[in-house]
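A short worksheet on the structure shown next.
Where a number appears in this text, it was derived from the coordinates with a stated rule and is not lab data. Everything numeric in this text was worked out from a predicted model, so none of it was measured. Positions of Cβ are generated from backbone atoms using ideal geometry, with glycine treated the same way; all protein chains shown enter the neighbour counts.
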């Protein structure tokens, strides 16, 4: 998948279901995946089935009770929140890098040509 905000095809979403369940998608792909699943009943059902199979089969040996539908809903919410947080953090880091590059440029210019930037 790519970082552009494009609508995902059902085929792409369904191929990425195991990666989503294992939290292996990057933040952009996770947000696109979640957005698609929220708006596509077929993909939401496929995600539910694969989650039940992938996670449910692993838990058959345990005697503990579990609600896989509830866990899937929580997984979607948790992964979406993490992806949004990662995007915000990457934007902050990017803006900080730009800020420090600009400030650094001013100091370099001032060091090379005193009085050129700060006339006072």
Legend entry - Nearest-ten-degree value, helix 41-59 long axis tilted from longest Cα axis of the chain: 70
Legend entry - Angle in degrees between helix 27-39 and the longest Cα principal axis of the chain, rounded to the nearest 10: 40
Inset, instruction - Return the FRET efficiency for the residue pair residue 55, residue 7: r is the Cβ-Cβ distance, R0 is 25 Å, and the value is rounded to the nearest 0.05. - result: 0.35
Legend entry - From the C-alpha gyration tensor of the chain, square roots of 5λ in Å: 47, 16, 10
Inset, instruction - Treat each spin label as a single point 7 Å out from the Cα along the C-beta direction, and report the residue 66 to residue 85 distance in nm. - result: 2.3
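From the helices alone, meaning DSSP H stretches of at least four residues, give me the mean residue ellipticity at 222 nm for the chain, per-run term -39500 (n - 2.57), in deg cm²/dmol to the nearest 500.
Computed mean residue ellipticity for the chain: -24500 deg cm²/dmol.
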Legend entry - Estimated FRET transfer efficiency when R0 is 35 angstrom, pair residue 100-residue 42 (beta carbons, to 0.05): 0.15
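Would you work out the relative contact order for the chain, in percent, from Cα pairs under 8 angstrom that are 6 or more residues apart? Spell out each step's value before the answer.
On the way: 62 pairs, mean separation 30.0, N = 120.
Computed over the chain, the figure is 25 percent.
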Legend entry - With Cα atoms, 0 to 90° folded angle of helix 68-112 axis to the chain main axis: 10
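Order by neighbour count: 28, 106, fewest other Cβ atoms within 10 Å first, most last. List each step's numbers first, then the result.
Details: 28 17, 106 13.
Starting with the residue having the fewest Cβ neighbours, the order is 106, 28.
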